[in-house]
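A short reminder: the numbers here are calculations on the coordinates, not readings from a lab. This one's a predicted model, so the numbers in the text were calculated from it and none came from an experiment. Every residue, glycine among them, receives a Cβ derived from its backbone with ideal geometry; neighbour counts consider all protein chains shown.
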Amino acid sequence: MSVRAEPFPRRRSTELGLVLLAVVATAGAYVLASLGTTAEIPVNLGPFLLFVLGLFLVAHIAVRRYAPEADPVLLPIAALLNGIGYVVIAGLDARGRESFAAAQATWTAIGVVAFCTALLVVPRIRDLQRYRYTFLLTGLVLLILPFVPGLGSERFGARIWVSLGPINFQPGEVTKLVLALFFAGYLVDKRELLRSSPRRLGPVRVPEPKYLGPVLLAWAVSLMVMISQKDLGTSLLFFALFIVMLWVATERPSWLIIGALLFLAGSWFSFHRFGHVQDRVDIWLDPWQDPDGTGYQIIQAAFAMAAGGLAGTGLGLGGAVRIPLAESDFIFASIGEQLGLFGATLVLVAFLMVIGSGLRIAIRTDQPFEKLLAVGLTTLIGVQAFIIIGGVTRLLPLTGITLPFVSYGGSSLVANYVLIALLLRISDESNRRARKPEVVASVGAP
């Protein structure tokens, strides 16, 4: 009797090696940034290295303990992106910006704790499907919170913040996760009814309105609230999530066409109805019409990336071009300045690897809820990165959302670490199911 060797120790060893490489890269970048700003090796290098190493070793141990057969790539890439973002933020602090690095380190620790907690409290991803309407209600409540007097506040022209004592957070970052869970649970439950509808709109078959109603309600309320909050980036993110998950659930490409038409109609309506949308489009088309006002930020970002060239000015040596909100909305421009085209490409490749890993997880699982949820979570990461990078480079109008794991922002960091934990849970469960027949078949072999 022989049993085939289990593959998960090799996965975890690969993950551990990649995590250590990410930690070494972060520490090396931290030293270079300090040399660039003060011409000295940082005196806190030892504590910094121990902090980063300990933090991500804890995350690795949590994966090894609670999701031993999960994908080995997602956690190291998240650690690398987080490390690059922290080093750039610390460099901006050293050049006279506000102090964000300490807060970012604290939120990173909280994010890792949330990552470990998610792996612990969600032993089976399918258990979340039964709470789909709870997730819907939670998402709608979170969207309304910024409008509650005494809780919500407006910053930089967008009313998306909630303050609880000394803690400020963006409910939209959590909302994207709970709505993805709701969409996955509901669309899986109704997928056959949505696919087999006899109704047609011209050549396109459309589902019965009564089956699509709850999803349309969640989508419509999300968009209306986000437009009223002037948070265009999150509105676009929710719309993309809705269309992609509906397309995957029904397996009908016509939904992509319908989604594109709805997007064009909504864009036309928003442009003619809301002044802040017109301003964003005008800045996108011609930032030089007001170079010292509304166009200042995007122009300075272009100057910064041009100054970076191919190899960049060097970590800690950026900042000659002062970009407003360089630590959050425009951190990709700071990366392009300090690390050049090569460093910016590294960040893009890292996000492509996250997207590829997420879609691979979705393809490999044989459970409809897990498959749809993995697609939704991957869509959130990919579309969010595309929107903000496209806005900074003027491929798209600027929307003002954060670059996952890289930008300064506690709400975003915590939510994205939970997102990665859910993807790892799906990967672990699907790999366990795939391995069971192999083990059984090998029993009794000579």
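Observations, loosely collected:
- A simple rule links phi to the HN-Hα coupling: the Karplus curve 6.51 cos²θ - 1.76 cosθ + 1.60 with θ = phi - 60°, which for region 104-110 gives 5, 5, 5, 5, 5, 4, 5 Hz, with x for Gly and Pro.
- The dipole here belongs to region 8-442: it is taken about the Cα centre, uses +1 on the Cβ of Lys and Arg and -1 on the Cβ of Asp and Glu, and is about 1660 debye.
- 3J(HN,Hα) from dihedral phi, region 23-29, Karplus parametrisation 6.51/-1.76/1.60, rounded to Hz, x for glycine, proline: 5, 4, 4, 5, 5, x, 5
- If you plug the beta carbon distance of ALA311 and ARG126 into 1/(1 + (r/R0)^6) with R0 = 60 Å, you get a FRET efficiency near 0.80.
- Cα-based shape type of region 290-403, given that a ≥ b ≥ c are square roots of the gyration tensor eigenvalues and the cut on a/c is 1.5: prolate
- At an R0 of 22 angstrom, the distance between the Cβ atoms of LEU264 and TYR296 translates into a FRET efficiency of 0.15.
- Mean-position separation - Cα centroids, region 379-428 and region 174-195, in angstrom: 20
- Point-to-point label distance, ARG273-ARG394, nm (Cα→Cβ direction, 7 Å offset): 3.0
- Cβ-derived FRET efficiency at R0 30 Å, ARG10 paired with LEU50, nearest 0.05: 0.60
- Separation of the ILE257 and THR117 label points, Cα + 7 Å toward Cβ, nm: 4.6
- One chain, two ends: ASP282 and VAL24. Fully extended at 0.36 nm per residue, the span grows by 88.5 nm beyond their Cα-Cα distance.
- Inter-part distance where region 265-317 and region 126-143 are each reduced to a Cα centre, Å: 36
- Each of ILE363, PHE242, LEU325 was placed along the dipole of region 8-442 (beta-carbon charges, centred on the mean Cα), and the one lying farthest toward the positive end is ILE363.
- Using the Karplus relation 6.51 cos²θ - 1.76 cosθ + 1.60 with θ = phi - 60°, the per-residue 3J(HN,Hα) values for region 68-81 come to x, 10, 6, 4, x, 9, 4, 4, x, 5, 4, 5, 5, 4 Hz, with x marking Gly and Pro.
- Cα-based Lys pair tally, region 8-442, threshold under 30 Å, eight or more apart or on separate chains: 9
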